[in-house]
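The values are calculated or read from the model by the stated rules, or taken from the named source; none is laboratory data. The model shown is predicted, which means the values in this text are computed figures rather than measured ones. Note: ideal-geometry Cβ built from the backbone for every residue, glycine included; neighbour counts use all protein chains shown. Only protein heavy atoms, including side chains, enter the accessible area calculation; ligands, DNA and RNA are left aside. Shrake-Rupley method; radii C 1.70, N 1.55, O 1.52, S 1.80 Å.
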Amino acid sequence: TRSAWRRTRSALEVSSPDALLDPLLNGWLPSQALKSRMEARSGYHQASGAFGGRDQVQDSLIGLHLDPLITRNQIRLVARRQFREGDIQHWWFQFRGKESGLGVRTRFSDDMLWMPYALAQYLDATGDESLLREVEPYLLGRELREGERDRGFVPKVSPETVSVYEHAGRAIDRALSRMGEHGLPLMGCGDWNDGMGDVGAGGKGESVWLAFFLYDVLQRFAPIAAGQGDPERARRYLERA
């Protein structure tokens, strides 16, 4: 176990005058991210043992310091949990390597954006553009009805597959389609701060935080689009930003 952890722990090692800081950054925090969050998936506001559409994507960014395959695999996994319309399951269960598909569709407004955000971070860190060309299917299921905050069900898997690049673009386009009367993104039933759910439950509340986040994602993804020979998308994203 010790040998495996030494191989995994980090390509980055901090050495500082603070004897307490070094073991925190070099051992404890990476271990916590991997064992508690990626593997045990035990966190607040999360169905125990379930994968989170935003949660494990954020947690997987530790892979950029440990093993980029951790981040890469999580991006692909989330792409497979995206509905054709662009939003993703807020959480879902997966047992013994088999995806049961049981999960929840919600009005959380930030979930879908973490995939393109993590993708941009991965590309910056590794230069591995092959991930953009990997293909994954969509999920199929009815959209939430008016007044319906969420719905738990087992969706169908579409026979259609598209590239991870297109999955990420569709996520961004979905976020861009949900704007409020002041030109800011709608809050939905939460904008990463789950406690703000009632602000947007009626379909009018807007999120300044999500506007900052969406702006950052647009700025990061526009050059990716240009590099993929998609100048129209790149232009549109910068214009919206």
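A few notes on this one:
- Positive-end extreme of charge dipole, the chain - chosen from Leu238, Gly227, Gln94 (charges on Cβ): Gln94
- Cβ-based charge dipole, the range 47-197, positive-most Cα from Gln82, Leu132, Met187: Gln82
- Value of relative contact order over the range 141-241, rounded to a whole percent, pairs C-alpha under 8 Å and six or more apart: 16
- Share antiparallel - DSSP beta bridges, the chain, percent rounded to 5: 95
- For Leu102, the residues whose modelled amide H falls within less than 5 Å of its own, excluding neighbours fewer than 5 places apart on the same chain, are Phe93.
- For the peptides 79-91, 21-33, 171-183, 116-128, the ranking by mean Cβ contacts within 10 Å, running from highest to lowest, is 79-91, 116-128, 171-183, 21-33.
- Only the Cβ atoms of Lys and Arg (+1) and of Asp and Glu (-1) were treated as charged; on that basis the dipole of the range 1-133 about its Cα centre amounts to roughly 640 debye.
- Summarised as an ellipsoid, the range 67-193 has semi-axes of 23, 19, 13 Å, derived from the eigenvalues of the Cα gyration tensor scaled by 5 and square-rooted, with the largest first.
- For the range 126-220, the solvent-accessible area of protein heavy atoms averages 52 Å² per residue (probe radius 1.4 Å; ligands and nucleic acids excluded).
- From helices alone, the chain scores -11000 deg cm²/dmol at 222 nm; the rule is -39500 (n - 2.57) for each run of n ≥ 4 DSSP H residues, then divide by the residue total.
- When each of the peptides 56-67, 101-112, 139-150 is scored by how many other beta carbons lie within 10 Å of its residues on average, the order from highest to lowest is 101-112, 56-67, 139-150.
- Rounded to the nearest 20 debye, the dipole size of the range 148-221 about its Cα centre is 180 debye, using +1 on the Cβ of Lys and Arg and -1 on the Cβ of Asp and Glu.
- Rg ratio (alpha-carbon, reference 2.2 N^0.38 Å) - the range 1-133: 1.12
- Note on Arg145 and Asp22: the extension gain reaches 39.2 nm, defined as 0.36 nm multiplied by sequence separation minus the Cα-Cα distance.
- Spin-label pair Ala4-Trp209: with each label point 7 Å from Cα along the Cα-Cβ axis, the two points sit 3.6 nm from one another.
- Extension gain, Glu129 to Arg235, is 36.1 nm, computed as 0.36 nm per intervening residue step minus the present C-alpha separation.
- Amide H contacts under 5 Å for Glu206, placed H, 5+ residues apart: Met187
- Carbon plus sulfur fraction of accessible area for the chain, probe 1.4 Å, in percent: 53
- The long axis of helix 208-227 is offset from the longest Cα principal axis of the chain by roughly 80 degrees.
- Amide H contacts of Val162 (H built 1.01 Å from N, under 5 Å, at least 5 apart or other chain): Glu136
- Histogrammed with a bin width of 5 Å, the alpha carbon distances of the chain distribute as 1, 6, 13, 17, 18, 17, 13, 8, 4, 2, 1, 0 percent, first bin at zero.
- Computed E for Glu39/Glu85 - FRET, C-beta separation, R0 25 angstrom, nearest 0.05: 0.25
- Whole-number D in µm²/s for the range 154-241 (Stokes-Einstein; Kirkwood sum over Cα pairs; 25 °C, 0.890 mPa s): 172
- The chain - percent relative contact order, Cα under 8 Å, separation 6 or more: 15
- Under the convention that each Lys and Arg Cβ holds +1 and each Asp and Glu Cβ holds -1, the size of the dipole of the chain around its Cα centre is about 760 debye.
- Backbone N within the range 64-89 under 19 Å of label point (7 Å from Ser177 Cα along the Cβ vector): 79-89
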